Amino acid sequence: MKIQATLDKAKANRGNMFAETPGQKAAGGEDGSAFDAVVNLPEYSKSRHVRFVPDVLEKNRCVSIFPDAEATNSYKMLKKQIQQKTEGDRKNTIMITGVREGDGSSLTSANLAVTFARELHQTVLLVDCDLRSQKIHKCFGYESRMGLADYLTDNKALSELIVWPGIEKLTVISGGQDLPDSTEFLGSKRMGHLVDEMKNRYEERYVLFDVPPVLDRADALAFSPFVDGIVMVVSVGKTSRRDIKRALGLFDREKIIGLVLNRITH
(Lines give C-alpha, C1' and ligand atoms only; values in the text may rest on other atoms or scores of the structure.)
Protein backbone atom coordinates (compact mmCIF):
# COMPACT_ATOMS: atom_id res chain seq x y z
CA MET A 1 0.00 0.00 0.00
CA LYS A 2 1.31 3.41 -0.87
CA ILE A 3 -0.08 4.91 2.30
CA GLN A 4 2.18 7.89 2.66
CA ALA A 5 1.53 9.16 -0.88
CA THR A 6 -2.19 9.24 -0.21
CA LEU A 7 -1.68 10.71 3.23
CA ASP A 8 0.55 13.54 1.98
CA LYS A 9 -1.86 14.45 -0.80
CA ALA A 10 -4.80 14.58 1.61
CA LYS A 11 -2.82 16.63 4.09
CA ALA A 12 -1.80 19.14 1.41
CA ASN A 13 -5.40 19.57 0.33
CA ARG A 14 -7.09 19.68 3.70
CA GLY A 15 -4.50 20.04 6.44
CA ASN A 16 -5.33 17.91 9.45
CA MET A 17 -9.10 18.06 8.88
CA PHE A 18 -10.53 15.21 6.84
CA ALA A 19 -13.99 15.10 5.30
CA GLU A 20 -14.05 11.51 4.15
CA THR A 21 -16.57 10.51 1.52
CA PRO A 22 -17.49 6.85 0.93
CA GLY A 23 -16.53 5.64 -2.52
CA GLN A 24 -14.30 8.62 -3.36
CA LYS A 25 -11.31 7.87 -5.61
CA ALA A 26 -7.90 9.33 -5.11
CA ALA A 27 -6.31 11.27 -7.91
CA GLY A 28 -4.58 9.20 -10.55
CA GLY A 29 -5.69 7.14 -13.53
CA GLU A 30 -9.33 6.75 -14.48
CA ASP A 31 -9.54 3.68 -12.28
CA GLY A 32 -7.69 5.36 -9.42
CA SER A 33 -4.74 3.03 -9.92
CA ALA A 34 -1.92 5.57 -9.59
CA PHE A 35 -1.92 4.66 -5.90
CA ASP A 36 -4.28 2.94 -3.51
CA ALA A 37 -7.36 5.12 -3.16
CA VAL A 38 -8.81 6.29 0.11
CA VAL A 39 -12.18 4.63 -0.44
CA ASN A 40 -15.21 3.98 1.70
CA LEU A 41 -13.85 5.95 4.62
CA PRO A 42 -16.35 6.93 7.32
CA GLU A 43 -17.77 10.37 6.61
CA TYR A 44 -16.77 12.59 9.53
CA SER A 45 -16.40 16.35 9.30
CA LYS A 46 -13.44 16.19 11.69
CA SER A 47 -10.92 13.44 12.18
CA ARG A 48 -7.66 14.05 14.00
CA HIS A 49 -4.76 12.80 11.98
CA VAL A 50 -1.63 11.19 13.37
CA ARG A 51 1.33 10.35 11.19
CA PHE A 52 1.77 6.78 10.08
CA VAL A 53 5.18 5.47 11.21
CA PRO A 54 5.83 1.86 10.10
CA ASP A 55 8.72 1.41 12.54
CA VAL A 56 6.44 2.21 15.48
CA LEU A 57 3.87 -0.37 14.40
CA GLU A 58 6.56 -2.99 13.91
CA LYS A 59 8.05 -2.24 17.33
CA ASN A 60 4.61 -2.59 18.92
CA ARG A 61 4.01 -5.87 17.04
CA CYS A 62 1.22 -4.46 14.90
CA VAL A 63 2.68 -6.40 12.00
CA SER A 64 -0.38 -7.00 9.80
CA ILE A 65 0.37 -3.74 7.97
CA PHE A 66 3.31 -5.58 6.40
CA PRO A 67 2.09 -8.10 3.78
CA ASP A 68 5.16 -10.33 4.13
CA ALA A 69 5.08 -10.60 7.93
CA GLU A 70 4.76 -14.19 9.14
CA ALA A 71 1.75 -13.46 11.34
CA THR A 72 -0.18 -11.56 8.65
CA ASN A 73 -1.71 -14.71 7.16
CA SER A 74 -3.09 -15.75 10.56
CA TYR A 75 -4.93 -12.45 10.87
CA LYS A 76 -6.24 -12.82 7.32
CA MET A 77 -7.67 -16.21 8.22
CA LEU A 78 -9.28 -14.78 11.35
CA LYS A 79 -10.77 -11.92 9.33
CA LYS A 80 -12.20 -14.33 6.78
CA GLN A 81 -13.74 -16.50 9.51
CA ILE A 82 -15.44 -13.45 11.01
CA GLN A 83 -16.75 -12.39 7.60
CA GLN A 84 -18.10 -15.85 6.83
CA LYS A 85 -19.98 -15.99 10.12
CA THR A 86 -21.41 -12.47 9.89
CA GLU A 87 -21.98 -11.64 6.22
CA GLY A 88 -25.55 -11.25 5.04
CA ASP A 89 -26.92 -10.75 8.54
CA ARG A 90 -25.66 -7.19 9.10
CA LYS A 91 -23.63 -8.42 12.04
CA ASN A 92 -20.79 -5.95 12.01
CA THR A 93 -20.12 -5.13 15.68
CA ILE A 94 -17.51 -7.48 17.15
CA MET A 95 -16.19 -7.61 20.72
CA ILE A 96 -12.63 -8.88 21.10
CA THR A 97 -11.66 -9.90 24.60
CA GLY A 98 -9.32 -12.22 26.48
CA VAL A 99 -9.91 -14.69 29.26
CA ARG A 100 -7.25 -13.25 31.56
CA GLU A 101 -4.90 -10.25 31.51
CA GLY A 102 -1.97 -10.85 29.19
CA ASP A 103 -3.83 -13.04 26.70
CA GLY A 104 -3.17 -10.48 23.95
CA SER A 105 -6.63 -9.24 23.02
CA SER A 106 -5.50 -5.63 22.41
CA LEU A 107 -2.73 -6.69 20.05
CA THR A 108 -5.15 -9.02 18.28
CA SER A 109 -7.68 -6.18 17.96
CA ALA A 110 -5.14 -3.79 16.43
CA ASN A 111 -3.79 -6.33 13.95
CA LEU A 112 -7.25 -7.52 12.99
CA ALA A 113 -8.42 -3.94 12.40
CA VAL A 114 -5.50 -3.27 10.05
CA THR A 115 -6.21 -6.55 8.24
CA PHE A 116 -9.84 -5.55 7.67
CA ALA A 117 -8.76 -2.12 6.44
CA ARG A 118 -6.44 -3.60 3.82
CA GLU A 119 -9.38 -5.27 2.07
CA LEU A 120 -10.95 -3.52 -0.91
CA HIS A 121 -14.27 -1.78 -0.11
CA GLN A 122 -13.97 -2.60 3.61
CA THR A 123 -13.73 0.06 6.31
CA VAL A 124 -13.19 -0.53 10.00
CA LEU A 125 -13.52 1.44 13.21
CA LEU A 126 -11.49 0.21 16.20
CA VAL A 127 -12.71 1.27 19.65
CA ASP A 128 -10.68 0.88 22.86
CA CYS A 129 -13.13 -0.11 25.59
CA ASP A 130 -10.48 -0.81 28.22
CA LEU A 131 -11.21 2.32 30.22
CA ARG A 132 -8.76 1.50 33.02
CA SER A 133 -5.74 0.30 31.06
CA GLN A 134 -6.09 1.39 27.44
CA LYS A 135 -3.53 0.11 24.94
CA ILE A 136 -4.82 0.64 21.41
CA HIS A 137 -3.39 4.13 20.91
CA LYS A 138 0.00 2.83 22.01
CA CYS A 139 -0.06 0.19 19.29
CA PHE A 140 -0.36 2.94 16.68
CA GLY A 141 2.10 5.25 18.43
CA TYR A 142 0.01 8.27 19.35
CA GLU A 143 -1.17 10.02 22.50
CA SER A 144 -4.74 9.48 23.69
CA ARG A 145 -5.98 13.02 24.24
CA MET A 146 -9.67 12.22 24.18
CA GLY A 147 -11.66 9.05 23.76
CA LEU A 148 -14.60 6.85 24.64
CA ALA A 149 -14.59 7.83 28.32
CA ASP A 150 -15.02 11.48 27.35
CA TYR A 151 -18.07 10.58 25.27
CA LEU A 152 -19.61 8.62 28.14
CA THR A 153 -18.91 11.15 30.90
CA ASP A 154 -18.70 14.57 29.25
CA ASN A 155 -21.05 14.19 26.27
CA LYS A 156 -18.26 14.86 23.79
CA ALA A 157 -19.30 14.56 20.15
CA LEU A 158 -18.29 11.36 18.39
CA SER A 159 -16.53 13.36 15.68
CA GLU A 160 -14.16 14.81 18.31
CA LEU A 161 -12.95 11.38 19.37
CA ILE A 162 -12.04 9.78 16.06
CA VAL A 163 -8.43 9.51 14.97
CA TRP A 164 -7.14 8.57 11.53
CA PRO A 165 -3.78 6.83 12.10
CA GLY A 166 -2.69 7.31 8.49
CA ILE A 167 -3.85 3.85 7.40
CA GLU A 168 -6.40 3.78 4.62
CA LYS A 169 -9.96 2.90 5.65
CA LEU A 170 -9.11 2.60 9.36
CA THR A 171 -10.23 4.96 12.11
CA VAL A 172 -9.67 4.61 15.85
CA ILE A 173 -11.33 5.77 19.07
CA SER A 174 -9.04 5.42 22.08
CA GLY A 175 -10.16 5.03 25.68
CA GLY A 176 -9.51 8.60 26.80
CA GLN A 177 -9.45 9.30 30.52
CA ASP A 178 -9.25 6.42 33.01
CA LEU A 179 -12.56 5.37 34.56
CA PRO A 180 -12.36 3.23 37.73
CA ASP A 181 -16.10 2.46 37.45
CA SER A 182 -15.80 1.38 33.83
CA THR A 183 -18.27 -1.53 34.12
CA GLU A 184 -21.23 0.75 34.76
CA PHE A 185 -20.34 3.00 31.83
CA LEU A 186 -19.79 0.14 29.37
CA GLY A 187 -23.16 -1.34 30.28
CA SER A 188 -25.03 1.96 30.16
CA LYS A 189 -27.82 2.99 27.79
CA ARG A 190 -25.57 5.69 26.36
CA MET A 191 -23.00 3.06 25.43
CA GLY A 192 -25.71 0.96 23.84
CA HIS A 193 -26.94 3.90 21.78
CA LEU A 194 -23.38 4.58 20.62
CA VAL A 195 -22.91 0.98 19.44
CA ASP A 196 -26.20 1.18 17.53
CA GLU A 197 -25.10 4.38 15.84
CA MET A 198 -21.77 2.87 14.85
CA LYS A 199 -23.48 -0.28 13.60
CA ASN A 200 -26.03 1.41 11.37
CA ARG A 201 -24.17 4.39 9.95
CA TYR A 202 -22.15 2.50 7.32
CA GLU A 203 -23.19 -0.84 5.87
CA GLU A 204 -19.71 -1.88 4.77
CA ARG A 205 -17.94 -1.07 8.02
CA TYR A 206 -16.93 -3.45 10.77
CA VAL A 207 -16.67 -2.02 14.28
CA LEU A 208 -14.20 -3.83 16.54
CA PHE A 209 -14.30 -3.26 20.29
CA ASP A 210 -11.25 -4.12 22.40
CA VAL A 211 -12.71 -5.06 25.79
CA PRO A 212 -10.94 -6.06 29.07
CA PRO A 213 -10.48 -9.76 29.93
CA VAL A 214 -13.62 -11.64 30.89
CA LEU A 215 -12.54 -13.15 34.20
CA ASP A 216 -10.60 -10.14 35.50
CA ARG A 217 -13.46 -7.62 35.37
CA ALA A 218 -17.19 -7.50 34.68
CA ASP A 219 -16.72 -5.07 31.76
CA ALA A 220 -17.01 -7.67 28.99
CA LEU A 221 -20.13 -9.20 30.50
CA ALA A 222 -21.77 -5.77 30.85
CA PHE A 223 -20.89 -4.75 27.29
CA SER A 224 -21.61 -8.01 25.45
CA PRO A 225 -25.40 -7.50 24.94
CA PHE A 226 -24.67 -4.59 22.60
CA VAL A 227 -22.55 -6.48 20.03
CA ASP A 228 -23.30 -9.01 17.31
CA GLY A 229 -20.33 -11.29 17.83
CA ILE A 230 -17.57 -12.18 20.28
CA VAL A 231 -13.99 -13.27 19.60
CA MET A 232 -12.09 -14.57 22.62
CA VAL A 233 -8.29 -14.63 22.80
CA VAL A 234 -6.57 -17.31 24.88
CA SER A 235 -2.88 -17.65 25.63
CA VAL A 236 -1.48 -21.06 24.72
CA GLY A 237 0.21 -22.70 27.68
CA LYS A 238 -1.12 -20.07 30.07
CA THR A 239 -4.91 -19.96 29.92
CA SER A 240 -6.41 -23.01 31.61
CA ARG A 241 -9.21 -25.08 30.07
CA ARG A 242 -11.24 -24.43 33.19
CA ASP A 243 -10.97 -20.66 32.74
CA ILE A 244 -11.81 -20.90 29.04
CA LYS A 245 -14.92 -22.95 29.76
CA ARG A 246 -15.96 -20.58 32.53
CA ALA A 247 -15.46 -17.51 30.33
CA LEU A 248 -17.39 -18.96 27.40
CA GLY A 249 -20.24 -19.93 29.70
CA LEU A 250 -20.90 -16.31 30.62
CA PHE A 251 -22.06 -15.33 27.12
CA ASP A 252 -24.79 -16.15 24.65
CA ARG A 253 -23.24 -19.06 22.75
CA GLU A 254 -24.80 -17.87 19.48
CA LYS A 255 -22.63 -14.76 19.67
CA ILE A 256 -19.35 -16.65 20.04
CA ILE A 257 -17.53 -16.46 16.71
CA GLY A 258 -14.52 -18.38 17.93
CA LEU A 259 -11.31 -18.58 19.93
CA VAL A 260 -7.95 -17.11 18.96
CA LEU A 261 -4.95 -19.14 20.13
CA ASN A 262 -2.23 -16.63 20.88
CA ARG A 263 1.53 -17.21 21.19
CA ILE A 264 1.64 -20.50 19.34
CA THR A 265 5.26 -21.63 18.94
CA HIS A 266 6.43 -23.55 15.89
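The values are calculated or read from the model by the stated rules, or taken from the named source; none is laboratory data. Since we're looking at a predicted model, the values are computed, not measured. Note that each Cβ is placed from the backbone with ideal geometry, even for glycine, and that neighbours are counted across all protein chains shown.
Using the structure shown, decide if D216 is acidic (D, E), in contact with a Ser or Thr (Cβ under 7 Å, 6 or more places away or on another chain) and either in contact (Cβ under 8 Å) with a residue 12 or more places away in the chain or within 21 Å of S182 (Cα to Cα) (or both).
Numbers: acidic (D, E): yes; in contact with a Ser or Thr (Cβ under 7 Å, 6 or more places away or on another chain): no; either in contact (Cβ under 8 Å) with a residue 12 or more places away in the chain or within 21 Å of S182 (Cα to Cα) (or both): yes.
In short, no.
Would you say K245 is in a loop (DSSP other than H, G, I, E, B) and either basic (K, R) or surrounded by 18 or more Cβ atoms within 10 Å (Cβ to Cβ) (or both)?
On the way: in a loop (DSSP other than H, G, I, E, B): no; either basic (K, R) or surrounded by 18 or more Cβ atoms within 10 Å (Cβ to Cβ) (or both): yes.
When the stated conditions are applied, K245 does not pass them.
Determine whether G98 is farther than 13 Å from G176 by Cβ and buried (at least 23 other Cβ atoms within 10 Å of the Cβ).
Yes; evaluated as a whole, the condition is true for this residue.
The set of residues in the stretch 121-170 being without any contact (Cβ under 8 Å) to a residue 12 or more places away in the chain and over 23 Å from R190 (Cα atoms) consists of E143 alone.
Going through the stretch 98-109 one residue at a time, which ones are out of contact with any Gly (no Cβ under 9 Å at 6 or more places or on another chain) and assigned to a helix (DSSP H, G or I)?
So the first thing to find is which residues in the stretch 98-109 are out of contact with any Gly (no Cβ under 9 Å at 6 or more places or on another chain), and the list is 99-103, 107, 109.
Residues satisfying the conditions are L107, S109.
Scanning the stretch 110-144 for residues that are surrounded by fewer than 20 Cβ atoms within 10 Å (Cβ to Cβ), of a type outside the set (S, T, Y) and in a loop (DSSP other than H, G, I, E, B) gives E119, L120, H121, Q122, R132, K135, G141, E143.
Looking only at strands (runs of 3 or more DSSP E) that lie completely in the stretch 145-241, which have at least 1 residues being modelled with pLDDT of 95 or more? Break it down into steps so the answer makes sense when it comes.
On the way: elements: 162-164, 170-173, 205-210, 229-235.
Passing ranges, in order: 205-210, 229-235.
For the stretch 70-97, a tally of residues being out of contact with any Phe, Trp or Tyr (no Cβ under 9 Å at 6 or more places or on another chain), part of a loop (DSSP other than H, G, I, E, B) and either farther than 29 Å from N200 by Cα or modelled with pLDDT of 85 or more (or both) returns 3.
Of all the residues in the stretch 92-105, those that are under 19 Å from F140 (Cα atoms) and either under 9 Å from the mean Cα position of the chain (by Cα) or among the aliphatic types (A, V, I, L, M) (or both) number 1. Residue count for the stretch 73-84 satisfying the condition of being exposed (fewer than 15 other Cβ atoms within 10 Å of the Cβ) and in contact (Cβ under 8 Å) with a residue 12 or more places away in the chain: 1. In the stretch 253-266, the residues that are surrounded by fewer than 16 Cβ atoms within 10 Å (Cβ to Cβ) reach residues that are at pLDDT below 90 with C-beta atoms within less than 6 angstrom, at least six apart or across chains, in these pairs: L261/V236; R263/S235; R263/V236; I264/V236.
Got at least one residue in the stretch 194-202 being touching a residue at least 40 places away in the same chain (Cβ under 8 Å), touching a helix residue (DSSP H, G or I) at 6+ places or on another chain (Cβ under 6 Å), of a type outside the set (S, T, N, Q) and surrounded by 15 or more Cβ atoms within 10 Å (Cβ to Cβ)? Yes, there is a match, as at least one residue in the stretch 194-202 is touching a residue at least 40 places away in the same chain (Cβ under 8 Å), touching a helix residue (DSSP H, G or I) at 6+ places or on another chain (Cβ under 6 Å), of a type outside the set (S, T, N, Q) and surrounded by 15 or more Cβ atoms within 10 Å (Cβ to Cβ). Taking (1) under 25 Å from L259 (Cα atoms); (2) under 16 Å from the mean Cα position of the chain (by Cα) in turn, L194 satisfies each apart from (1).
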